[in-house]
Amino acid sequence: MPLKYRVLTIVALCLLSIWALFPRNITTREIGSDRLMHDVTVRHIPLRQGLDLKGGTYLALEVDDSKQAVPADKKADAIERALKSVRTRIEGFGVSESVVQKQGNDRIVVQIPGIQDPQRARKLVEEQAFLEFKIADKTQALERALPRIDQVIKQRGLTPAGDTSTKTAATATKGLQGLLNTDTTKKSDSTKKGAAGAKKDSATAKKDSAAAADSLKLQPGGAFSSLLEQGGMAGEFYVDQTKIPTLERYLADSAVRAAMPPGKDFLAGSDSASLQGKWYRTYYVVDSKSISTGEHLTDARPNQNTLDGTVVEFSMDNIGGRRFRSETGKHIGDYMAIILDNRVMGRPPVIQGAIGTRGQITMGGRSLADAQDLALVLRAGALPVPLRVAEVHSIGPSLGQDSIDKGLRAAIISVALVVVIMLVYYRFSGLLAVGGLVMYMLYTLAALAGFDAVLTLPGIAGFVLSIGMAVDANVLIFERIREELARGKTVRTSIDEGFRHAMPAIVDSNVSTILTAAVLYQYGTGPVKGFAVTLIAGIAASLVTSIFVVRTFYLLWLNRSRGAQTLSI
Amino acid sequence: MLRILHDTKYDFIKYWKAAAFGTIAFIALGMAILGVHAMRHTSALNYSVEFTGGTVVQLTFTQPPGADAVRSGVDAAGFAGAEVAQFGDPLNYMIKLRASEGVAAAANADSLGANLAHLIEQRLGGTNKVTVGQAASVSASVGSELKGKAITAVLISFVVTLIYLAIRFEWRFGVAATIATMHDIATTMAFLAMMRLEISLTVVAAILTVIGYSLNDTIIIFDRVRENLRKQRKESLRDVLNRSINETLPRSVLTHATVLAATLALLVFAGEVIRPFSWIMAFGVFTGTFSSIYVAGAILLWIEHKWPRTAESENKGTARALAEGRRRERPTPAATR
């Protein structure tokens, strides 16, 4: 290639790089302090910063298998649809430059940069709006399991020893014990009535209830049962507001969960009720298997009516409606719990007859605005599958800035050290290599900006490291030129030969590094991917500068000092 | 012209026994320390939360609180088993809760961090402001999946480089370079154990970079060997190897110097987050240099000794293949003998 074109190519590359790195206006839509959307225009260098530099929240969501709402073979498809809902929601709430993407087959990754309140962000995506319809339990499954649960809690030592809450719990127990006793007698009564020919059965039932009563006597009002009060319908319980943390702590224990009646769920309701000056939260026992889900929801609208207060009316598509009709037809007379994100909405209504494509969610005493939000979330993305957060990272903005500052400082010092080493050892040729190094940094950053790569902290580390490695090709070439000169060849020939002989080593060593980086890119996540991208961009830029740019510098120098007998190297 | 180590004639290969003893002793020491760790802690290697699952919270204080105050605050919050460690300067603390230590859901990093910060701030009297620098929670399933991925990445990079070297050089060179790479992983692991560095994703990236760097170095020497063999001198491979190492010595010193300079800049100035990465890279410069000469070189000689190239195979195969730098038929041991 003639010298003129070489110089032109380098100039063009430089201009292109500068253009790629030129600060430009980026307009994003953000929610201001007045909670309205604003277009915010910022002018900055178009290098995208990763969350670890910018600060922000990273969430990985996966399908919550514990609910078994989706068969395994449909999971990938469900994730695909859930992705759309999550994306609509994140965008709808107006967080700028957020990323929502699928990772692998079963995970959704959400990146929300610069968010000040990570908890709000999480709530945003966690609000699954997963709608289920389940039949409220009428077999008194929980009542029967209570002695066992109390036993488990005692064994596990979960009761808070000696603090004031136990005392109040103990006093509150008395009324409940009576309630439980009537329950057990009622049960054995019904067994007597039902089992006319099976005396043995009723006898064992009696024994059971007697044993249960015994265990109750031994431990008056177990830790768990003392928290519950029978509600107004089968499967409904009231829990004192102040005791809810204790209850939730019990429910979080795996042994307690195992002791819960099988095939049933114990869920909190959305309603609170005031009885004798105390506030109670409702809890419901429902069948684990849902008769329908929000998968088939087509529309949701807020409304208010005199009978139920604030409601959200919804409609389903034909498939969902048909299924809903046949299922509700089987359960006429039962109570149907409408469950949103594991919370029973309103009081389960009695199923009067088969219900088709339309229904409503009762919001209790909540405002119309709440109903509007719920309707929006339901419309925009009633998630076809329940999701759970598998991974969350949140980085404060000050930490990110600190990382950038430190990374920049390390980069400057590393450049300075490398420049000194090259100048001291190779003199004039070292100067050419330093010129190449400047181009190298320019090209690398431009490549990162051009490919819209994300700069992470490991990425910066990779960049700093690559500054040290980038001169390797120059060193290889210079050493070859020295060898050729030592053999008594002319300066021009030595330079030509030096470049030619160093080539195989440069190519082989760099290709092997690129292969390793490519493997990293393929299997890495987040920051590590950023590292791999920086490494690959760096190697490519280093090949261009050491082989092409520095060579051109030499040719320029040879042209200017025609017939130079010595080379400072 | 400033020259260092120009035109040297050191007999590097002569010291291979001492070198082998040294490196085996180093690896053995590392493994012994791993064994001690395995007994004292739950696992031999110090995996980060990314791999084990759990929650990690970094708290930043306005005044140095002292490790005991932070620890008692964490204990009071109900996480008695948590690891509390100073992170860089005395104003930063890292609190690590493994998945097994009562952190049920992965979702609670922020609230947990905020709670801890609030509680500790109260206990310190309110004048020392506490902020959450970062918080992360990873579920155990994600962690174990990641571990699998990391191992896959290392194995695949092995296979890829083996194939590339077999194509560009010869199978002997590929095998020697791969064994040198394995050696580097072993010494790096030993180094990890000695420093008790935390294995995070960034550290895995560092290990892979060390592999790449060491391979790079090995290839530079092998390239010289390839070239010197091509010149068809009546020289034994041992002499060719020695000569090649000596010829590439100035380059090695220069490149290692610049890379080490960059690594030290990272180690000293880039902060705590990137420090484990920098340590491994710094160590990698040395182990990479060592393994290029004493592992890759020595193994190459040993393979040559076991399956020597005959004059015939050399003429037909190796020499031409080396001259062209292309792939050739792998000689069967029977044919070459």
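The values are calculated or read from the model by the stated rules, or taken from the named source; none is laboratory data. Predicted model only: the values in this text are computed from it and were never measured. Positions of Cβ are generated from backbone atoms using ideal geometry, with glycine treated the same way; all protein chains shown enter the neighbour counts.
Would you confirm, using the coordinates I've provided, whether residue A:409 is surrounded by fewer than 17 Cβ atoms within 10 Å (Cβ to Cβ) and modelled with pLDDT of 80 or more?
Considered against the rule, which asks whether it is surrounded by fewer than 17 Cβ atoms within 10 Å (Cβ to Cβ) and modelled with pLDDT of 80 or more, residue A:409 comes out as yes.
Could you identify the single residue in A:448, A:423, A:465 that is more than 10 Å from chain B (Cβ to nearest Cβ), crowded, with 24+ Cβ neighbours inside 10 Å and part of a helix (DSSP H, G or I)?
Among A:448, A:423, A:465, only A:448 is more than 10 Å from chain B (Cβ to nearest Cβ), crowded, with 24+ Cβ neighbours inside 10 Å and part of a helix (DSSP H, G or I).
How many residues are out of contact with any helix residue (DSSP H, G or I) (no Cβ under 8 Å at 6 or more places or on another chain) and either within 14 Å of chain A (Cβ to nearest Cβ) or buried (at least 20 other Cβ atoms within 10 Å of the Cβ) (or both) if we restrict to segment B:228-241? First the steps, then the outcome.
Step one: filter segment B:228-241 for residues out of contact with any helix residue (DSSP H, G or I) (no Cβ under 8 Å at 6 or more places or on another chain), giving B:231, B:234, B:236, B:239.
Okay, now just the ones that are also either within 14 Å of chain A (Cβ to nearest Cβ) or buried (at least 20 other Cβ atoms within 10 Å of the Cβ) (or both), so B:231.
Of the residues in segment B:228-241, 1 are out of contact with any helix residue (DSSP H, G or I) (no Cβ under 8 Å at 6 or more places or on another chain) and either within 14 Å of chain A (Cβ to nearest Cβ) or buried (at least 20 other Cβ atoms within 10 Å of the Cβ) (or both).
Return yes when residue B:60 is at pLDDT below 85, surrounded by 16 or more Cβ atoms within 10 Å (Cβ to Cβ) and closer than 29 Å to residue B:143 by Cβ and no when it is not. Break it down stepwise before answering.
Numbers: at pLDDT below 85: no; surrounded by 16 or more Cβ atoms within 10 Å (Cβ to Cβ): yes; closer than 29 Å to residue B:143 by Cβ: yes.
Here the answer is no, as residue B:60 does not meet what is asked.
Being hydroxyl-bearing (Ser, Thr, Tyr) and modelled with pLDDT of 90 or more is the filter here; which residues of segment A:491-526 pass it? Step through it out loud before you land on a result.
First pass over segment A:491-526, keeping only residues hydroxyl-bearing (Ser, Thr, Tyr): A:493-494, A:509, A:512-513, A:516, A:521, A:523, A:525.
Correct list: A:493, A:494.
Please enumerate the residues belonging to segment B:1-50 that are closer than 30 Å to residue B:137 by Cβ, of a type in the set (S, T, N, Q) and either surrounded by fewer than 12 Cβ atoms within 10 Å (Cβ to Cβ) or within 18 Å of the chain's Cα centre (by Cα) (or both).
B:42, B:46, B:48
For the subset of segment B:246-256 comprising residues that are buried (at least 19 other Cβ atoms within 10 Å of the Cβ) and among the aliphatic types (A, V, I, L, M), which member is nearest to the other protein chains (Cβ to nearest Cβ)?
B:254
Take segment B:142-177 and flag every residue that is assigned to a helix (DSSP H, G or I), among the aromatic types (Phe, Trp, Tyr) and at the interface with chain A (Cβ under 9 Å from one of its Cβ atoms).
Within segment B:142-177, just B:164 meets the criteria.
Return the pairs, sorted by first residue and then second, in which the second residue is charged (D, E, K, R), the first residue lies in segment A:494-508 and is at the interface with another protein chain (Cβ under 10 Å from one of its Cβ atoms), the beta carbons are less than 7 Å apart, and the residues are 6+ apart or on different chains.
Cβ pairs passing all conditions: A:501/A:480; A:502/A:480; A:504/B:223; A:505/B:223; A:508/B:168; A:508/B:223.
Would you be able to tell me the number of residues in segment B:282-299 that are farther than 17 Å from residue B:186 by Cβ and within 12 Å of another protein chain (Cβ to nearest Cβ)?
Total meeting the criteria: 1.
Of the residues that sit in segment A:546-564 and are of a type outside the set (A, V, I, L, M) and in contact with a helix residue (DSSP H, G or I) (Cβ under 7 Å, 6 or more places away or on another chain), which one is nearest to residue A:491 (Cα to Cα)? It would help to see each step written out before you state the result.
At the first step, the residues of segment A:546-564 found to be of a type outside the set (A, V, I, L, M) are A:546, A:548, A:551-554, A:557, A:559-563.
Now narrow it down to the ones that are in contact with a helix residue (DSSP H, G or I) (Cβ under 7 Å, 6 or more places away or on another chain): A:546, A:551-554, A:559.
Numbers: A:546: 18, A:551: 13, A:552: 15, A:553: 14, A:554: 10, A:559: 12 Å.
Step by step, filter segment A:546-564, then rank; the result is A:554.
Identify, from the list A:108, A:149, the residue that is part of a helix (DSSP H, G or I) and at pLDDT 65 or above. Write out each step before concluding.
Numbers: A:108 fails: part of a helix (DSSP H, G or I).
Matching residue, one of A:108, A:149: A:149.
So residue A:365 fits all but one of (1) more than 25 Å from the chain's Cα centre (by Cα); (2) modelled with pLDDT of 75 or more; what number is the exception?
Only one criterion in (1) more than 25 Å from the chain's Cα centre (by Cα); (2) modelled with pLDDT of 75 or more is unmet by residue A:365, namely (2).
If you scan segment B:259-273, which residues turn out to be more than 7 Å from chain A (Cβ to nearest Cβ) and in contact with a Ser or Thr (Cβ under 7 Å, 6 or more places away or on another chain)? Spell out how you get there, then give the answer.
So the first thing to find is which residues in segment B:259-273 are more than 7 Å from chain A (Cβ to nearest Cβ), and the list is B:260, B:264, B:267-268, B:272.
Once the filter is applied, which keeps residues that are more than 7 Å from chain A (Cβ to nearest Cβ) and in contact with a Ser or Thr (Cβ under 7 Å, 6 or more places away or on another chain), segment B:259-273 yields only B:267.
Under 6 Å between Cβ atoms, which residue pairs at least 6 apart in sequence (or on different chains) link something in segment B:159-183 that is farther than 16 Å from residue B:302 by Cα with a partner that is charged (D, E, K, R)?
If the second residue must be charged (D, E, K, R), the pairs left are B:167/B:327; B:168/A:508.
Looking at this structure, is residue B:180 more than 11 Å from chain A (Cβ to nearest Cβ) and crowded, with 20+ Cβ neighbours inside 10 Å?
Answer is yes for this residue.
If you go through segment A:271-310, how many residues are free of Cβ contacts under 8 Å to residues at least 40 places away in the same chain and of a type in the set (A, V, I, L, M)?
Residues meeting the conditions: 3.
In segment A:549-562, is there at least one residue being facing chain B (nearest Cβ under 7 Å), on the phi < 0 side of the Ramachandran plot and without any contact (Cβ under 8 Å) to a residue 12 or more places away in the chain?
At the first step, the residues of segment A:549-562 found to be facing chain B (nearest Cβ under 7 Å) are none.
No, because not a single residue in segment A:549-562 is facing chain B (nearest Cβ under 7 Å), on the phi < 0 side of the Ramachandran plot and without any contact (Cβ under 8 Å) to a residue 12 or more places away in the chain.
Considering each of A:476, A:485, A:515, A:457 in turn, give the residue that is farther than 26 Å from residue B:248 by Cβ, aliphatic (A, V, I, L, M) and in the same structural domain as residue A:431 (by TED's automatic domain parsing).
Going through A:476, A:485, A:515, A:457 in turn, just one is farther than 26 Å from residue B:248 by Cβ, aliphatic (A, V, I, L, M) and in the same structural domain as residue A:431 (by TED's automatic domain parsing): A:457.
For segment A:232-263, give me each residue that is among the charged types (D, E, K, R) and not in a helix (DSSP H, G or I).
A:236, A:240, A:253
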